[in-house]
Ligand code: SF4
């Protein structure tokens with residue numbers, strides 16, 4: 001089996017795959033491009049799917065009373081029903097999928113921050129909402145890895161997205177293998193799960209313990225539910241530190257005073273955002289190699305997705321690694 005499962009990701013087709021934007025352009029996107037070697041993409045362009053053609057006149061979201069309509073100002077055409085019906089049918093057919101990458105701010109694909117207008121006439125936006133397709137994706141699949149392409153320029157958001165995406169894909173890959181494979185998954189992902197949510201990890205431990213009571217099938221279902229819940233919350237700087245300390249305890253008594261002090265110094269720098277977390281994980285890994293701690297070396301906590309995707313560059317916003 002390959003080290004990393006290949007996630008299946010639905011992607012807005014104009015991102016790298018097709019010149020299907022309203023003006024006949026394709027959008028070059030480094031994240032999507034880089035992921036192509038590691039992900040099975042399923043491109044879709046909702047506007048082309050409802051027959052708007054390329055190139056086409058732009059569409060926008062207009063708020064009428066409490067309804068959000070998808071209108072084409074130049075033709076006054078209302079394509080709300082077509083888009084809603086396409087989204088419902090398409091999304092009902094989604095199977096074996098781990099995530100979505102959708103075009104930011106599109107009135108169809110955008111997940112949030114899509115401009116809303118008062119009418120089809122020229123005028124400023126009166127607010128923001130989600131695109132008609134993107135909003136349904138968010139409502140139905142928030143347990144999967146769902147992101148907008150613009151947000152993925154941020155290192156922290158991208159890191160969380162990749163972690164969730166590859167972890168869910170690895171769980172999906174082993175599902176047909178049954179409970180023993182789930183137990184193996186739990187073991188290898190133990191510290192990663194702990195970093196995301198200690199209370200949910202406790203629930204998962206309990207679920208696996210109660211297998212005699214619930215039976216294998218229900219145990220796997222309960223475990224999967226807990227896994228989806230776990231990723232609702234992002235791993236935080238302080239929980240990463242807590243997990244690093246937990247791992248460090250395994251080696252502490254065998255280390256010199258200076259080695260222990262060096263670890264504490266790194267932890268302090270990380271807490272003050274002066275050091276990336278990768279400095280700490282590299283140190284922990286080197287201790288695991290030295291003391292031949294294979295249980296630690298196998299932990300996905302150190303590399304939840306292919307290392308080649310790890311680039312510590314971002315849009316400059318919200319960088320809190
Ligand atoms: S944003 Fe969505 S609807 Fe618009 S061109 Fe891209 S894929 Fe098509």
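Compared with the dominant Cα axis of the chain, that is its longest principal axis, helix 80-92 is turned about 30°. Out of 245, 290, 172, any idea which swings most in a Gaussian network model of the chain, alpha carbons joined below 10 Å? Ranking 245, 290, 172 by mean-square fluctuation puts 290 first. For the chain, the longest principal axis of the Cα atoms and the long axis of helix 257-271 meet at an angle of about 20 degrees. Projected label points at residue 75 and residue 297, each 7 Å from Cα along the beta carbon direction, are separated by 6.2 nanometres.
Summarising the label geometry, the points placed 7 Å from Cα in the beta-carbon direction at residue 121 and residue 275 lie 6.2 nm from one another. Listed from fewest to most Cβ neighbours within 10 Å, the set 282, 84 follows the order 282, 84. Taking the C-alpha atoms only, the angle from helix 198-209 to the longest principal axis of the chain is near 80 degrees.
Normalising the average separation of contacting C-alpha pairs (under 8 angstrom, six or more residues apart) by the number of residues puts the relative contact order of the range 237-298 at 35 percent. As a proxy for reagent exposure, ranking 170, 286 by other Cβ atoms within 10 Å from fewest up yields 286, 170.
Using label points projected 7 Å from each Cα along Cα→Cβ, tell me how many nm separate residue 228 and residue 6, to one decimal. Between residue 228 and residue 6, the label points sit 2.5 nm apart. By the beta-carbon count within 10 Å of each Cβ, the least crowded to most crowded order of 41, 262, fewest first, is 262, 41. Comparing 257, 50, 289 in a Gaussian network model of the chain where C-alpha atoms under 10 Å apart are linked, the largest mean-square fluctuation is found at 257. Looking at the chain as a GNM with Cα springs under 10 Å, which of 163, 80, 300 has the largest mean-square fluctuation? Looking only at 163, 80, 300, the biggest GNM fluctuation is shown by 80.
Looking at the chain alone, DSSP beta bridges between its own residues are antiparallel in about 40 percent of cases. A helix-only calculation puts the chain at -14000 deg cm²/dmol for mean residue ellipticity at 222 nm, using -39500 (n - 2.57) for each DSSP H run of at least four residues, averaged over all residues. Using the Cβ-Cβ distance between residue 139 and residue 246 with R0 set to 45 Å, the FRET efficiency from 1/(1 + (r/R0)^6) comes to roughly 0.80.
Counting 0.36 nm for each residue step from residue 261 to residue 64 and taking away their Cα separation leaves a gain of 64.6 nm.
Computed from the coordinates by the stated procedures, all read-outs in this text should not be read as laboratory data. The shown structure was predicted, so the numbers you read here are calculated from the model rather than taken from an experiment. Methodologically, a virtual Cβ is constructed for each residue, glycine included, from the backbone with ideal geometry; neighbour enumeration extends over all protein chains shown.
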